[in-house]
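Q: Input: one structure, supplied below.
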Amino acid sequence: MQENKLRVAMPTDRYEELYRSWRWEVPERFNIAAACCGRWATDRSRFALYWEDESGASAAYSFWDIQQRANRLSNALAALGVGRGDRVAIVLPQRPETAIAYIAIFQMGAIALPLSHLFGPDALEYRLAHAEASVAIVEPTTIASVWAVRDRLPHLRHLIGVGGAREAGVLAWETLLERASRDFAPADTAAEDPCLIIYTSGTTGPPKGALKPHRVLIGNVPGFVYSHDFFPRPGDIFWSPADWAWTGGLMDALLPSWYFGMPILGFRGRFDPERAYDLIERYGVRNAFLFPTALKLMMKAVPAPREKYDLRLRTVMSAGEAVGTAVIEWARAQLGVTVNEMFGQTEMNYVVGNCQEAWPVKPGSIGRPYPGHRVAILDENGNEAKPGELGEIAVHRFFQGERDPVHFLEYWKNPQATRDKYLGDWGLTGDQGRMDEDGYLWYQGRSDDVIKSAGYRIGPAEIESCLVRHPAVANAAVIGKPDEVRGQIVKAYVVLQPGFTPSAQLVEDIQNHVRGRLAPYEYPREIEFIDALPMTTTGKVQRKELRKREEARRSQKG
């Protein structure tokens, strides 16, 4: 259907029609590499990847280019002894070799183990040892951390260095590919076969490796299509700063773009808001996945971007934290797009969200369950909560009698954690939320982020969104601080905008700002100014680190 016809014909709210008519069609045999690259590679003019880095280096690759290099890498890995089910670690940032490695590993029937290029030696050692990776692909920024622990990794037989990563005993990527054949017969894999391990960090215990099958990409498709207002459209080109080592960058950007044979922009370098605008302008980016933190930084850095940049954005999806009404209103006014918020997690990704072309967006809500997914709020007894009640967001294994392909297989070598993840057929997310009468979900933070104060259960997201609307606040995080009278009080950690200095008067002004907009029990009774919030590599605020800070202070006083 042509874009103009779709826009004209679009009713105000098509949600029920789309949701009820959805049916899963998951083939028995399926391989992500064939779906995302192989089937497009016959057209040598079809571009897959535009790429550049901070130094100004740039490159462009067609699907044929990617496939040829992936075939060579598959053959090279096979010659090193990698077989079906073996784990190959990818310790790289956004760069062409990262994408090529995924395709090569998937089409072999092996298992990709993406690891953030920001991980230090200890983080890498645990994951490489636990997954028993036999090969690791590294670059100059990551080789030292892997090399530092290699002697303690008996399963790690080979290191492959890209981009000039050179040490004695490290195999050169370029040499391996040059010597390998570009003809490769892909493995015949079932949709249920494992292909990916992504480690997730919980609040307690070591990270858990979520083992994912090839079919999960199919499970991601409806959310991706709707969150980008019926992706793809002619001329669409995608970009996200999200690391391709994480679910957000891999399953919400790179692979679904390629599933539809559409190009994506990759950038190797730190996120900078003005550079983000520049990339979007120069490459004509039409679709973007931007974390709420990134959007806030862009909003503060250049409040009126279309006065400075020629932007052609068609869609923006955001996830990871609550976006908040302030950012949504700014994006509508200044970017010309309605941010489609989305919710998911590594184990069950892309399950809830918005699609402003198909149903109304309620600012502050993370949206409705996407077609194909049955999602509910469960109370403390495991029953579906009434509209408006706070509970845990859960995703059912079945949708209209069919298995939902979005679910992961298991936690690698951790059967107890796998069992604990489910309550019957409900997959537990560990995230708190409410569902209103119209079926929209309102995210309230991680279960351990919920503040219990004087009998009230308070989610931090709404308060943080309100705080950011104050002109002096650049960013904010809210936690519950132990209190003898109330159990907990609301405490806010605030990063100030340039030009503002901490003062008792500013604390009072910010408190009044929140008190006048939210419930009386939600305003922060204590505010602490901080230079920067602790963040994960995926751009999420680490509230648990702020809680640890409070616990340490209490211990010192005790």
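Q: Output the residue which, of all residues in the stretch 401-441 that are among the small types (Gly, Ala, Ser) and more than 20 Å from Glu389 (Cβ to Cβ), is least open to solvent (accessible area, probe 1.4 Å).
A: That would be Ala417.
Q: Among Leu159, Leu128, which is buried (at least 19 other Cβ atoms within 10 Å of the Cβ), free of Cβ contacts under 8 Å to residues at least 40 places away in the same chain and closer than 29 Å to Asp420 by Cβ?
A: From the options Leu159, Leu128, the qualifying one is Leu128.
Q: Give the residues of the stretch 171-204 that are surrounded by fewer than 19 Cβ atoms within 10 Å (Cβ to Cβ) and farther than 30 Å from Phe408 by Cβ, sorted by residue number.
A: Those that are surrounded by fewer than 19 Cβ atoms within 10 Å (Cβ to Cβ) and farther than 30 Å from Phe408 by Cβ: Leu171, Ala172, Glu174, Thr175, Glu178, Arg179, Ser181, Arg182, Asp183.
Q: While we're here: Any idea how many residues of the stretch 326-341 are open to solvent by 10 Å² or more (accessible area, probe 1.4 Å) and either under 20 Å from the mean Cα position of the chain (by Cα) or not aliphatic (A, V, I, L, M) (or both)?
A: Count: 6.
Q: Taking only the stretch 347-368 into account, find how many residues are in a strand (DSSP E or B), within 19 Å of Thr247 (Cα to Cα) and in contact with a strand residue (DSSP E or B) (Cβ under 8 Å, 6 or more places away or on another chain).
A: Qualifying residue count for the region: 5.
Q: Scanning the stretch 470-501 for residues that are out of contact with any helix residue (DSSP H, G or I) (no Cβ under 7 Å at 6 or more places or on another chain) and β-branched (Val, Ile, Thr), which turns out nearest to Pro520 (Cα to Cα)?
A: The selected residue is Ile489.
Q: Another question about this same structure. Which residues, counting only those in the stretch 458-496, are in a strand (DSSP E or B), β-branched (Val, Ile, Thr) and either open to solvent by less than 10 Å² (accessible area, probe 1.4 Å) or farther than 24 Å from Ala552 by Cα (or both)?
A: Of everything in the stretch 458-496, those that are in a strand (DSSP E or B), β-branched (Val, Ile, Thr) and either open to solvent by less than 10 Å² (accessible area, probe 1.4 Å) or farther than 24 Å from Ala552 by Cα (or both) turn out to be Ile458, Val473, Val478, Ile479, Val490, Val494.
Q: For the stretch 173-182, state whether one or more residues are in contact (Cβ under 8 Å) with a residue 60 or more places away in the chain and closer than 20 Å to Arg39 by Cβ.
A: yes
Q: When both residues are 6+ apart or on different chains and their Cβ atoms are under 7 Å apart, which pairs have a first residue that lies in the stretch 57-80 and is in contact (Cβ under 8 Å) with a residue 60 or more places away in the chain and within 14 Å of Phe106 (Cβ to Cβ), and a second that is outside any strand (DSSP E or B) and open to solvent by 30 Å² or more (accessible area, probe 1.4 Å)?
A: Close Cβ pairs satisfying both conditions: Asn71/Arg182; Asn71/Asp183; Asn71/Phe184; Ser74/Phe184.
Q: What's the number of the only condition in (1) open to solvent by less than 30 Å² (accessible area, probe 1.4 Å); (2) among the β-branched types (Val, Ile, Thr); (3) touching a residue at least 40 places away in the same chain (Cβ under 8 Å) that Val316 fails to meet?
A: Of (1) open to solvent by less than 30 Å² (accessible area, probe 1.4 Å); (2) among the β-branched types (Val, Ile, Thr); (3) touching a residue at least 40 places away in the same chain (Cβ under 8 Å), only one is false for Val316: (3).
Q: Is it the case that Ala148 is small (Gly, Ala, Ser), touching a helix residue (DSSP H, G or I) at 6+ places or on another chain (Cβ under 8 Å), at pLDDT 95 or above and farther than 19 Å from Pro206 by Cα?
A: No: the conditions fail for Ala148.
Q: Also, I was wondering about something else. Could you tell me which of the residues Glu526, Glu545, Glu508 is more than 21 Å from Lys300 (Cβ to Cβ), open to solvent by 30 Å² or more (accessible area, probe 1.4 Å), within 24 Å of the chain's Cα centre (by Cα) and modelled with pLDDT of 85 or more?
A: Of the residues listed, the single one that is more than 21 Å from Lys300 (Cβ to Cβ), open to solvent by 30 Å² or more (accessible area, probe 1.4 Å), within 24 Å of the chain's Cα centre (by Cα) and modelled with pLDDT of 85 or more is Glu545.
Q: Taking Trp246, is it more than 15 Å from Met342 (Cβ to Cβ) and either in contact with a Pro (Cβ under 6 Å, 6 or more places away or on another chain) or of a type outside the set (Gly, Ala, Ser) (or both)?
A: Details: more than 15 Å from Met342 (Cβ to Cβ): no; either in contact with a Pro (Cβ under 6 Å, 6 or more places away or on another chain) or of a type outside the set (Gly, Ala, Ser) (or both): yes.
Considered against the rule, which asks whether it is more than 15 Å from Met342 (Cβ to Cβ) and either in contact with a Pro (Cβ under 6 Å, 6 or more places away or on another chain) or of a type outside the set (Gly, Ala, Ser) (or both), Trp246 comes out as no.
Q: Check the stretch 89-96 and report whether any residue there is touching a helix residue (DSSP H, G or I) at 6+ places or on another chain (Cβ under 9 Å) and among the basic types (Lys, Arg).
A: Checked the stretch 89-96: no residue is touching a helix residue (DSSP H, G or I) at 6+ places or on another chain (Cβ under 9 Å) and among the basic types (Lys, Arg).
Q: Listed residues Arg397, Arg374, Arg419; which is free of Cβ contacts under 8 Å to residues at least 24 places away in the same chain and not acidic (Asp, Glu)?
A: Testing whether each residue is free of Cβ contacts under 8 Å to residues at least 24 places away in the same chain and not acidic (Asp, Glu) leaves just Arg419.
Q: Restricting to the stretch 377-400, name every residue that is surrounded by 15 or more Cβ atoms within 10 Å (Cβ to Cβ) and in a loop (DSSP other than H, G, I, E, B).
A: Once the filter is applied, which keeps residues that are surrounded by 15 or more Cβ atoms within 10 Å (Cβ to Cβ) and in a loop (DSSP other than H, G, I, E, B), the stretch 377-400 yields Ala385, Leu390, Arg397.
Q: Please verify whether Gly480 is over 30 Å from Tyr199 (Cα atoms) and either without any contact (Cβ under 8 Å) to a residue 24 or more places away in the chain or of a type outside the set (Val, Ile, Thr) (or both), treating the condition exactly as stated.
A: Taking the combined requirement at face value, the residue does not satisfy it.
The values are calculated or read from the model by the stated rules, or taken from the named source; none is laboratory data. Since the model is a prediction, treat every value here as computed from it, not as a measurement. Here Cβ is always computed from backbone atoms with ideal geometry, including for glycine, and neighbour counts include all displayed protein chains. Ligands, DNA and RNA are stripped out before the accessible areas are found, and what is left, the full protein with its side chains, is counted by its heavy atoms. Shrake-Rupley method; radii C 1.70, N 1.55, O 1.52, S 1.80 Å.
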